[in-house]
1. For B:Met72, indicate whether it is among the aliphatic types (A, V, I, L, M) and modelled with pLDDT of 95 or more.
2. Can you tell me which of (1) under 12 Å from the mean Cα position of the chain (by Cα); (2) within 14 Å of chain A (Cβ to nearest Cβ) is the one B:Lys98 doesn't meet?
3. Condition (residue is within 12 Å of chain B (Cβ to nearest Cβ), touching a residue at least 60 places away in the same chain (Cβ under 8 Å) and farther than 17 Å from A:Glu55 by Cα) applied to segment A:145-168: is it met by at least one residue?
4. Find all pairs meeting these conditions: Cβ atoms under 6 angstrom apart; at least six residues apart or on different chains; first residue within segment B:238-261 and open to solvent by 40 Å² or more (accessible area, probe 1.4 Å); second residue small (Gly, Ala, Ser).
5. How many of the residues making up segment B:58-68 are touching a Gly at 6+ places or on another chain (Cβ under 9 Å) and surrounded by 15 or more Cβ atoms within 10 Å (Cβ to Cβ)?
6. In this structure, does A:Ala204 turn out to be farther than 18 Å from A:Gly27 by Cα and either of a type outside the set (Ser, Thr, Tyr) or open to solvent by 50 Å² or more (accessible area, probe 1.4 Å) (or both)?
7. Conditions: (1) open to solvent by 50 Å² or more (accessible area, probe 1.4 Å); (2) modelled with pLDDT of 85 or more; (3) in a loop (DSSP other than H, G, I, E, B). B:Arg48 meets all but one. Number of the miss?
Amino acid sequence: MSMPYYVAPEQVMKDRAEYAQKGIARGRSLVASLYVDGVLLVAENPSKTLHKISEIYDRIAFAGVGKYNEYDQLRVAGIRHADTKGFAYSREDVDARSLANLYAQYLGSVFTHEMKPLEVEILVAELGQGQRPTQLFHVAYEGTITDEDRFAVLGGDAEPIRTSFAERYEAGWDLSAALQAAMGALAGPERTLAPSDLEVAILADADERRAFRRLDDDALAGLL
Amino acid sequence: MALPLFDVMHDPGPDFTALLEREGLLPALGASDHGITQAHGTTVLALRFSDGVVMAGDRRATEGHAIAHRAMEKVFPADEFSAVAIAGSAGMAIEMVKLFQVQLEHYEKVEGVTLSLQGKANQLAQMVRSHLPLAMQGFVVVPLFCGFDLTRETGRIFTYDAAGGHYEEADFQATGSGGRDARTTIKLGYRDDLNRDEAIELAVLALYEAADADSATGGPDVVRGIFPIVATVTAEGYQRIEDDAIAERFEAAMERRRALHGNAGGTLR
């Protein structure tokens with residue numbers, strides 16, 4: 001009888017984490033920040049149709065970086081979860097925290113039990129109302145969940161972007177200032193980005209029930 | 001609740017009803033109306049005008065010969081550019097509208113684009129058709145659907161029968177117990193070039209006549225301040241007309257009729 005190869009669990013986890021990090025690092029990064037009216041989400045994304053940012057529910061948005069087919073599957077699952085919950089109970093019972101927890105559990109279980117971890121990092125943003133604060137839930141590829149109350153940076157090259165964005169961050173800034181800071185941080189010291197390189201959306205209160213809105217190139221040019 | 005993930009072969013796609021089926025959340029069929037009192041909604045109508053469509057409905061629901069609700073809403077926005085009105089078994093109808101609204105938004109979010117107006121009309125037909133077993137047992141739901149077609153840049157109206165057949169109407173339609181009276185009134189006052197204001201006035205008069213002749217249709221309730229719901233769908237989207245503006249129109253119509261002992265006096269007004 002042949003003995004199965006023994007690999008230390010530490011080594012298995014380390015290999016999987018490295019694999020996932022490499023996959024995520026191949027894609028471009030994303031910045032989400034609170035501003036005076038709500039939440040701004042900025043992703044570097046030259047495609048106008050394959051979105052990284054999308055609407056989940058009335059006051060909840062989703063953003064993902066890494067492998068498109070994997071985070072898109074999670075995005076659709078999130079919409080399904082939210083719509084089913086809102087239909088079965090009530091629209092106000094749908095919240096970002098429970099959805100972020102589900103994402104974290106799923107990513108965690110795939111990371112531990114499956115051959116291949118998901119090469120994604122995702123963000124669930126919720127625009128606050130009444131007792132509920134505006135929040136950003138950041139879920140990493142292995143299921144680690146963190147809640148941020150100022151800003152979040154996702155992607156393989158996150159550290160320098162986070163440092164640069166943190167230096168510019170001001171509480172209660174307006175949309176234009178937040179957008180410029182996000183563009184500067186995403187571009188880094190050696191590049192400049194144009195509106196056509198970006199996918200931008202906001203969660204902000206308007207007269208409508210749905211708070212999610214995409215900002216097109218013209219709107220961005222107006223803000224810059 | 002777990003994260004609703006499906007393998008590729010069994011994925012419901014952007015279909016919310018199919019998703020509810022997979023999750024076991026669709027109500028089971030097989031009820032019977034024996035001994036159940038159910039509320040019925042009555043008159044709803046839609047008519048086209050130069051910039052879009054007007055949709056209107058009275059506020060009464062009946063249980064047999066009794067009035068069950070005086071302030072029921074039967075006209076709903078289906079999404080930004082379409083509206084749906086219901087006549088028939090009230091509980092089922094409102095549930096169907098709720099499902100339809102979620103379905104349209106669900107499709108839009110999953111696919112990233114909105115359905116065409118024809119696509120929305122077909123979707124509603126499928127819902128009415130899947131409701132057929134209950135319709136056979138007395139829970140008939142007959143919706144009226146209208147919207148602004150953004151590609152053709154015109155308002156369009158669709159009617160349905162209990163079996164899910166749907167038909168596009170050229171100019172106007174009304175359904176429910178007072179539908180015939182409402183239809184006749186619209187027919188007498190209809191022109192191709194009605195503007196928004198005239199179309200709203202015609203919808204108000206049609207509901208007035210329906211309530212005048214049909215006991216199950218509620219007229220303006222001046223004592224409680226409850227007036228029919230009137231909404232327009234144009235290139236600017238769905239817009240419900242303020243209750244005060246509708247109340248004013250009914251007050252004016254009643255004032256004219258009072259002077260003529262209840263008659264219109266030679267012209268539709």
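The values are calculated or read from the model by the stated rules, or taken from the named source; none is laboratory data. Since the structure is predicted, the reported quantities are computational estimates derived from the model, not experimental observations. Please note: Cβ atoms are built from the backbone with ideal geometry, for glycine as well, and neighbour counts cover all protein chains shown. Please note that ligands, DNA and RNA were not included when accessible areas were found on the heavy atoms of the full protein model with its side chains. Shrake-Rupley method; radii C 1.70, N 1.55, O 1.52, S 1.80 Å.
1. Criteria not met by B:Met72.
2. Tallying (1) under 12 Å from the mean Cα position of the chain (by Cα); (2) within 14 Å of chain A (Cβ to nearest Cβ), B:Lys98 fails exactly one: (1).
3. No, segment A:145-168 contains no residue that is within 12 Å of chain B (Cβ to nearest Cβ), touching a residue at least 60 places away in the same chain (Cβ under 8 Å) and farther than 17 Å from A:Glu55 by Cα.
4. B:Tyr238/B:Ala83; B:Arg240/B:Ala231
5. Total meeting the criteria: 5.
6. Here the answer is yes, as A:Ala204 does meet what is asked.
7. So B:Arg48 meets the others, but not (3).
Table: residues versus (1) buried (at least 24 other Cβ atoms within 10 Å of the Cβ); (2) free of Cβ contacts under 8 Å to residues at least 24 places away in the same chain; (3) among the hydrophobic types (A, V, I, L, M, F, W, C); (4) more than 14 Å from chain B (Cβ to nearest Cβ).
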residue: A:Thr49; (1), (2), (3), (4): no, yes, no, no
residue: A:Glu55; (1), (2), (3), (4): yes, no, no, no
residue: A:Arg59; (1), (2), (3), (4): yes, no, no, no
residue: A:Gln73; (1), (2), (3), (4): no, yes, no, no
residue: A:Gly78; (1), (2), (3), (4): yes, no, no, no
residue: A:Lys116; (1), (2), (3), (4): no, no, no, yes
residue: A:Ile122; (1), (2), (3), (4): yes, no, yes, no
